[in-house]
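The values are calculated or read from the model by the stated rules, or taken from the named source; none is laboratory data. Just so it is clear, the structure is predicted and the values come from calculations on it, not from any experiment. Virtual Cβ from ideal backbone geometry, glycine too; neighbours counted across all protein chains shown. Ligands, DNA and RNA are stripped out before the accessible areas are found, and what is left, the full protein with its side chains, is counted by its heavy atoms. Shrake-Rupley method; radii C 1.70, N 1.55, O 1.52, S 1.80 Å.
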Amino acid sequence: MLRDQYRSAPRIVDYISRQFYGGRLRAAGDVDRLKTPATARPGLAWTDVSARNAPQTGNVNPAETRAIVAHLEALLSDEGYDGSVGVITPFRPQAVAIDEAVRASLSAKALEKAAFRAGTVDSFQGQERDLILFSPCLGPASAASAVQFVQDDPGAESYDLVRAEETLPAGRRYRSPAPARLSLQPGQDRIAVYLFKEAEPWPRKATVELGTTVSRAAPIDLWVEQMPVAGSAQILLRSPALAKQHTVDWGAAEEIHQDWDRLVKELATPVPTIPSRLVLPCGMQAWHDSPRAPGLLSLLSQNVDRRRVDWDSLAARLASRPEGRYCISSDGELPGAVPEPARAELTRLTERAIGELEEQIAGRAAPDTGPLKFLTWQFRLCPPSVADNLIAALEGDSAVSRLFSHPSHWKLALQGLGRIAGSAAQERAALGALLRRTPARWNWQRETACAAFLLSRSETAPSFLARSDVEVLVARVVAEFRDNRGTEYTTFFYAPFLLVGLLRWRLVDRYALVAGRDPAADRLDDAINATLPDLRRAAERKPALGKYLKILEDARDELRGEGANPELLMDIYGSASTG
């Protein structure tokens, strides 16, 4: 180990040394060369930023962004600080949001003088600044996968709740002298505890339903308690985040046929990473006119009172993604700058599109995909009845399915369903209907795309898959990888999309689909390893295919539980518009 650290102030090095290096790291830099703000001294400082509902979309925390802008305005503009400044955050969308906000608020001259840069940890590798601001981008509403990516999770620990030399005091209550201190994470509604009694042959796994969903990280203590008159001991759980104390039921716990020491060692393996939920952001770019096409503001105004609405033009603008931003986010949010008249026009046209679609289903109007395109490109802003109708078509309802007489119509229906399914009930029904269509006969642009959308854009959809469903979907991914090898990869896009979406099943089983531990993951790993050399050869003929190489390498890291790109799903989605 290199013991001397030359870049940071001694107080920073001391903290890192104690926390991560057992006190072996030494500060060897020249602190006098650092430019320190007049109101501070070299070291670490924490500013608490209240963000009750943040982050709002994806891995972006607007409250932290505003706090950083305010701090830099005071530092660079008011105090005249002349040192270099950087902002580091775990998530690329947050880095982009901070960079845009800072550049909109401070002069280019001041930022150039400060050598300002906002980026992720990896993008700062090998660089340094006099002052670094860190934005963890976390809040009570953070996705569990985002919390897991940021936190240092040491894995499992073994606790002795009853020491070998202890005996039950006569006539008095016994309680573990030192409870096991565990932790709850935001979004958690249950906890798994592994137990072992020396008098029993095998360990057991108890899953305790908490009766609520935890809104913020909190400790939870576990201990053994027994009263002499009560018979067997109780194993109890208590946390300040829970309204009541819980009992762990040894009798109902699942028996694990594995040696305790080996089980603890396996569980102590670092928790595998989980790709972040895909959230496609919105912006005003597509709302405004461009040299090539009218914006959505103009199209809404032109069509709201027309006898025959140009649904195709409206849908095309909703589907456009200038600068990576849709008119409406995949969570169904509108940009805050959309004026009220335009919102009202969008609502009126949406109601009209629903009416025309219902007329088609009732057989009183000829089939026309225009209204459905317009509706499904509104993502989760689309009225729920549309998803209900598409699920009915998927399940064989003839009144709805007759609208889709051509294979391209089914592509619209299934991809549209993947975009708009907004409730847990709709996600469960959609996944169930897809799996009943025999995945071995799926089409890559229809069923595979729909499943990929559902699993990647939702926190709840992965929980509706049983392990047997996961096995079936793994087989589908492996087949699509195999079928594309030796080709130009024209039907490949949704295969890695579904693969990475499947890894979000780790929200259900945190150690699932890890290569080397799970045979299904090994099959996926083998598929990637077999595909990469062929893809490199294909990319020599068609350079645009090179976009898949980094995606597959990152997906392989995720399979091995070592993912370093929480925005992998966003990278996959973005690759659709690059070549």
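Once the cut-off is 17 Å, how many percent of the Cα-Cα pairs in the stretch 58-108 end up in the long-distance tail? Each step should come with its number before you reach the end.
On the way: 390 of 1275 pairs.
Summing the P(r) of the stretch 58-108 above 17 Å gives 31 percent of all pairs.
Quick one: ranking His288, His257 by accessible area, 1.4 Å probe, largest first, what do you get?
Details: His288 90, His257 130 Å².
Listed by decreasing accessible area, they come as His257, His288.
Tell me the carbon and sulfur percent of the accessible area for the stretch 266-316, rounded to whole percent, probe radius 1.4 Å. Can you show the working numbers first?
Numbers: 1180 of 2440 Å².
So the carbon and sulfur contribution to the accessible surface is 48 percent.
Each principal axis of the Cα cloud of the stretch 274-357 was taken in turn, and the coordinate range along them, longest first, works out to 48, 31, 23 Å.
Taking all protein chains in place and a 1.4 Å probe, what share, in percent, of the accessible surface of the stretch 465-578 do carbon and sulfur account for? Could you put the intermediate results ahead of the total?
Details: 2240 of 4340 Å².
Roughly 52 percent of what the probe reaches on the stretch 465-578 is carbon or sulfur.
The peptide list 493-500, 334-341, put in order of mean Cβ contacts within 10 Å with the highest first, becomes 493-500, 334-341. The aspartates and glutamates within cross-link reach of Lys197, meaning a Cα-to-Cα straight distance under 18 Å and a gap of 8 or more places when in the same chain, are Glu157, Asp160, Glu165, Glu166, Glu225, Asp249, Glu254, Glu255, Asp259, Asp261.
With contacts defined as alpha carbon pairs under 8 Å and 6 or more residues apart, what's the relative contact order of the stretch 465-578 in percent?
RCO, the stretch 465-578: 28 percent.
Per residue, the solvent-accessible area of the stretch 174-268 (1.4 Å probe, heavy atoms of protein chains only, all protein chains present) comes to 58 Å².
Over the residues of the stretch 465-578, compute the C-alpha Rg and express it relative to 2.2 N^0.38 Å.
1.01
When each of the peptides 436-449, 359-372 is scored by the mean number of other C-beta atoms lying within 10 Å of its residues, the order from highest to lowest reads 436-449, 359-372.
What does the extension gain come out to for Trp250 and Ser463, with contour length at 0.36 nm per residue minus their alpha carbon separation?
Working: separation 213, 0.36 × 213 = 76.68 nm, distance 2.55 nm.
74.1 nm is the gain from fully extending Trp250 to Ser463.
Under the criterion of Cα pairs below 8 Å and six or more residues apart, the relative contact order for the stretch 315-389 equals 40 percent. For Trp202, the solvent-accessible surface with a 1.4 Å probe is about 90 Å², rounded to the nearest 10. Per the Debye formula with a single identical scatterer at each Cα and no solvent contribution, what log10 I(q)/I(0) holds for the stretch 393-504 at q = 0.13, 0.14, 0.17, 0.21 Å⁻¹? With no solvent term, the Cα-only Debye profile gives -0.45, -0.53, -0.78, -1.17. Taking amide H atoms as placed 1.01 Å from N in the peptide plane, the amide H of Ala118 lies under 5 Å from those of Val87, each 5 or more residues away in sequence or on another chain.
Give me the 1.4 Å probe accessible area per residue for the stretch 465-578, excluding ligands and nucleic acids, in Å². Intermediate values should be presented prior to the final figure.
Details: 4340 Å² over 114 residues.
Each residue of the stretch 465-578 exposes 38 Å² on average to a 1.4 Å probe.
The alpha-carbon atoms of the stretch 321-451, seen along their principal axes, cover 46, 35, 26 angstrom, with the largest extent given first. Give Lys411/Lys550; Lys205/Lys265; Lys411/Lys547; Lys35/Lys109 a once-over and call out the pairs whose C-alpha atoms are over 26 Å from each other. Checking Cα-Cα distances, Lys411/Lys550 exceed 26 Å.
Could you order the peptides 470-483, 241-254 from most to least packed, using the average number of other C-beta atoms within 10 Å per residue? Don't jump to the answer; show the numbers that get you there.
On the way: 470-483: 18.7, 241-254: 13.3.
Listed from highest to lowest mean packing, they are 470-483, 241-254.
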